[in-house]
1. Measuring from label point to label point, each 7 Å out along Cα→Cβ, what is the ASP5 to GLU71 span in nm?
2. Taking 0.36 nm per residue of sequence separation and subtracting the Cα-Cα distance, how much length would be gained by fully extending the chain between LYS109 and GLU169, in nm to one decimal?
3. Which FRET efficiency value, to the nearest 0.05, do you get for ARG25 and ASP62 by plugging their Cβ-Cβ distance into 1/(1 + (r/R0)^6) with R0 = 30 Å?
4. By the scheme Lys and Arg +1, Asp and Glu -1, what is the net charge of all other residues having a beta-carbon under 12 Å from that of VAL94?
5. Summing +1 for each Lys or Arg and -1 for each Asp or Glu, what net charge is found among the other residues whose Cβ lies under 15 Å from the Cβ of LEU76?
Amino acid sequence: MTLEDNKTVVFRTIVHCGGVSAAARELGVSQPAVSQALAELESLLGTKLLKRDKSGIELTADGALFLTYAERAGALSREVEALFAPGGERAVTVSAPADIAAAIVAPLKARYAGRLNIETVPEGEEADLVLVTKPREGDILLGRLSVAFAAASGDGRSDSFPVFARASESFAKGPLFNIVIGILGGRL
């Protein structure tokens, strides 16, 4: 299974194998099928990606540029596939003040049981995702948390404050970060 477009996989395979015939053997398809996929990709992009002659292939400037994106797409596809494979890693640790953990994280644990294993750790401990009430640059707004306060007079009032997510750099680079932020309702 691959999440990538087949034409992108074919293009990357042609480049890595050094030619259309070698790519066809690698992919287990016919040479005309590989040529057709390349032609469709070039038509879709509106540019030539490869120069082909009897001595082999050579990337055009646009081909070299597209290859960087094709490589990244392949890596991301493999990461996501591993994430959702049976037994794939879907655990995330969240550090948050107790009131935020109770209001946001606890309901998520029940809602996404079986999809994500969301573990809370005490505030201040290392975690994949840190929920904070006071933002710093780069934090992601998740929403507002309503809190009821009881005044000394016995009158109750309700207030709300924004809740931000702060992700570690390594976690923020992975696909699980986007999934968790999407579940939490945040914006990237």
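1. So the two model labels end up 2.0 nm from each other.
2. On the way: separation 60, 0.36 × 60 = 21.60 nm, distance 2.34 nm.
Going from the current span to full extension adds 19.3 nm.
3. Working: r = 26 Å, r/R0 = 0.87.
Rounded to the nearest 0.05, the efficiency is 0.70.
4. Details: positive: LYS109, ARG166; negative: GLU119, GLU123, GLU125, GLU126, ASP128.
That sum, taken over residues with Cβ under 12 Å, equals -3.
5. Details: positive: ARG12, ARG72, ARG78, LYS173; negative: GLU4, ASP5, GLU71, GLU79, GLU81.
Around LEU76, the surrounding residues sum to -1.
The numbers here are math on the coordinates, done by the rules we state, and not lab data. This one's a predicted model, so the numbers in the text were calculated from it and none came from an experiment. Positions of Cβ are backbone-derived with ideal geometry, glycine not excepted, and every protein chain shown enters the neighbour counts.
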